[in-house]
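Written below as structure tokens is the structure these notes are about.
The values are calculated or read from the model by the stated rules, or taken from the named source; none is laboratory data. Everything numeric in this text was worked out from a predicted model, so none of it was measured. In this analysis, Cβ positions are derived from the backbone assuming ideal geometry, glycine residues included, and neighbour counts consider all displayed protein chains. Ligands, DNA and RNA are stripped out before the accessible areas are found, and what is left, the full protein with its side chains, is counted by its heavy atoms. Shrake-Rupley method; radii C 1.70, N 1.55, O 1.52, S 1.80 Å.
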Amino acid sequence: MPDNLDTGLVIALIVAIGIAAQWFSWWVKQPAILVLLLAGLLAGPVLGLFDPDALFGDLLFPAVSLGVAVILFEGSLTLKFREIRGHGQVVTRLVTVGALVSMLLIALAAWALGIFSWKVALLFGALASVTGPTVIVPILRTVRPTRSLANILRWEGILIDPLGALAAVVIFQLVALGTRQVEDLLLAVEIFGAGIGLGMAAAFGLSFIMRRHVLPDYLHNVTTLAVVLLTFSLANALAHESGLLAVTVMGVILANTKDVNTDDILDFKESLTVLLTSVLFIVLAARVPASAFEMNWTITGALLGFIIFVARPVAVMISTIGSDLPWPERIVLSWIAPRGIVAAAVSALFAIELERAGVEGADILVPVTFAVIVVTVFVQGLTARPFARLMKVADPEARGVLILGGNPLAQAVALSLKKLDIDVILSDTSWDQIRKARMAGLRTYFGTVVSDDADRRLDLVGIGELLALSHRAPLNALACMRYAGEFGSGNVFNIRLADQAESATTPAGRVLFKDDVTLERLEGLIVKEGFEIRHTKLTEEFGFQQMLDSQSEDSVLLYGVSNEGVVYPFAEDRTFRATAGWRIAYLGHPDHSTREDTEKSAAERARAHLGEELPKPLPD
């Protein structure tokens, strides 16, 4: 770091670069971890802009430790046992038997190639077996695989994050530190006892306080953060390196405790994790010495090839024995396994401690782990889509609709689309609205669609359009900007609100319906006047213009569905032409009966009419 630069300015620049990397990764639709690692390597060993050890001094290790503790707690807070049970035997096997097989194979290869000692190799095997939703979800949205394959990959990434971190922590305590500390079973029991005991105590104590409403809601987030940091530090004080185990156990227990709402905590931790991840990965990557690039890349390449082409396929094949998963999906599942945040963050933290302990091979643990991350994300991210299409397990076109809002109009539109066999997801932050939608049989997402939790949990496979129908104009606009890059700017639609209709403000995205139609007006028609959404099918005899002529003055055209099942909302800048075979949805009064309300063709209606006009037969 140049001597003339102020320390505060350097720290501010690190934060700014981290957030810029997050934005750039979102723009190019690549996992943020990749851009952050490259930014850190460029700022550190390549250009020498700053030296983290000189910048932070003795505070580096405590700061990194606390940051990783928060990241692992946030990851473990998403691990709910009912979710692993609900997604099939394959997911359960992948995160248990499959992860164990992968870990042992990778460790064996790293040891046989002479890269690590067997103890450090076992730790590396645990780290290199962990994927994660932050790298899986962007690839899934690009690949758009079949629903069964997408669910397996997505839930494996969600569940393996905290489980893999827990495995790495255990191995670090029992094996890696055994080179200097763990000499008997009693010390191992002490480490596990402190980690599990304090983690359980913190979780139960915090859940008791939250259930009894002792704390006001606005203090839940910061109190949780304080408890996490305190639990981590106390555990480490009682038994060296048991803190990560403690916060992981704490998060898992809180996630599976009834009557404890962790959604608000997750929202807060997501924002904090984004900041910590941005700073940590740049700092940790900048610590990689330039000499690390001089390692034997032939041997490292052999290890990477073994991880991609041997360890993962073997783990998948063992995990899918006896399942009904088709072979093409098993093959694609064997190929997609990019490594993520846990591997980078935990390896860097452990490397610092191992270097202090003088453990052989600790200096190359981070660069080898980073090489695994970069190669798997790049190679598999670029090839997953064509490979999935080659194996015929990729959906040809995303035709589903994501609806933002749980109000009466949004739910009516969602139900009408479902009746036409259109895949629909309805999202809202109101639990009452989500509950009503679920009772009506709709797929739902409870939360904000522009959050990190949505990036991790919202299953957008097969979804290609956004209808922003909420009462919150800023959220509608933000969602349109967020998903314009995801679905394309022509596939994000925003409804006009009453206050926008009275001003010159133009909503983001393509504006729905006519210029005098607002969300409030449509809601009033549904709730107060009993209007309903109806469908009519166009034919050669009864085309779009004839349908328009038969409409009442107060009806509102909503959307059309083509013969291929693609939804085309009626927007101000309508660019489609409805032809025979299309279905047109409109909002109309139930007492207004028009000829297009039937599913009969014009010829059928004519025959029915002629039949009624025929004279009745004379009696004998």
**Item:** Members of region 233-252 found to be over 13 Å from L163 (Cα atoms) and open to solvent by 10 Å² or more (accessible area, probe 1.4 Å), listed by number
**Value:** S233, L234, N236, A237, L238, H240, E241
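Does S430 count as among the small types (G, A, S) and either within 29 Å of I139 (Cβ to Cβ) or open to solvent by less than 30 Å² (accessible area, probe 1.4 Å) (or both)? Walk me through it before giving the result.
Details: among the small types (G, A, S): yes; either within 29 Å of I139 (Cβ to Cβ) or open to solvent by less than 30 Å² (accessible area, probe 1.4 Å) (or both): no.
No.
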**Request:** Report, by residue number, each residue of region 346-360 that is farther than 23 Å from L276 by Cα and surrounded by 22 or more Cβ atoms within 10 Å (Cβ to Cβ).
**Result:** V359
**Asked** Going through region 442-475 one residue at a time, which ones are part of a loop (DSSP other than H, G, I, E, B) and open to solvent by less than 40 Å² (accessible area, probe 1.4 Å)?
**Response** L442, G447, V449, S451, L458, D459, L460, V461, G462, L469, S470
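A quick yes/no check of all residues on (1) assigned to a helix (DSSP H, G or I); (2) touching a Leu at 6+ places or on another chain (Cβ under 9 Å); (3) open to solvent by less than 30 Å² (accessible area, probe 1.4 Å); (4) in contact (Cβ under 8 Å) with a residue 40 or more places away in the chain:
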residue	(1), (2), (3), (4)
W23	yes, no, no, no
L34	yes, no, yes, yes
L42	yes, yes, no, no
L55	yes, no, yes, yes
L60	yes, no, yes, yes
S65	yes, yes, yes, yes
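Filter region 382-411 down to the residues that are among the polar types (S, T, N, Q) and either more than 30 Å from W335 (Cα to Cα) or outside any helix (DSSP H, G or I) (or both) and list them by number.
So the first thing to find is which residues in region 382-411 are among the polar types (S, T, N, Q), and the list is 383, 407, 411.
Those that are among the polar types (S, T, N, Q) and either more than 30 Å from W335 (Cα to Cα) or outside any helix (DSSP H, G or I) (or both): N407, Q411.
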**Asked** What about R482, is it open to solvent by less than 30 Å² (accessible area, probe 1.4 Å) and of a type in the set (K, R)?
**Response** no
**Asked** What do you reckon, is G462 modelled with pLDDT under 85 and under 21 Å from Q411 (Cβ atoms)?
**Response** yes
**Prompt:** Any idea which of V372, V366, V316, V379 is part of a helix (DSSP H, G or I), modelled with pLDDT under 85 and within 24 Å of A109 (Cα to Cα)?
**Reply:** V366
**Message:** If I filter region 175-184 for residues that are at pLDDT below 80, open to solvent by 30 Å² or more (accessible area, probe 1.4 Å), part of a helix (DSSP H, G or I) and closer than 30 Å to L460 by Cβ, do I get at least one hit?
**Reply:** no
**Asked** Looking at this structure, is W118 at pLDDT 70 or above, open to solvent by 10 Å² or more (accessible area, probe 1.4 Å), closer than 30 Å to G400 by Cα and of a type in the set (A, V, I, L, M, F, W, C)?
**Response** no
**Request:** Out of the residues in region 478-496 that are polar (S, T, N, Q) and in a helix (DSSP H, G or I), state the one that is nearest to Y559 (Cα to Cα).
**Result:** N491
**Request:** Could you check, for region 365-378, whether at least one of its residues is open to solvent by 20 Å² or more (accessible area, probe 1.4 Å), within 30 Å of T448 (Cβ to Cβ), in contact with a Lys or Arg (Cβ under 8 Å, 6 or more places away or on another chain) and touching a residue at least 12 places away in the same chain (Cβ under 8 Å)?
**Result:** no
**Fill in**
Selection over region 491-509 where residues are at pLDDT 85 or above and over 20 Å from the mean Cα position of the chain (by Cα) yields a count of 6
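Looking only at region 428-439, count every residue that is outside any helix (DSSP H, G or I) and within 17 Å of E523 (Cβ to Cβ) and tell me the total. Give the derivation first.
Kept after step one, since they are outside any helix (DSSP H, G or I), are these residues of region 428-439: 428-430.
Next, from what is left, pick out any that are within 17 Å of E523 (Cβ to Cβ): 428, 430.
Qualifying residue count, region 428-439: 2.
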**Hits in region 318-338 (condition: closer than 24 Å to A112 by Cβ and either touching a strand residue (DSSP E or B) at 6+ places or on another chain (Cβ under 7 Å) or open to solvent by 60 Å² or more (accessible area, probe 1.4 Å) (or both))** = I318
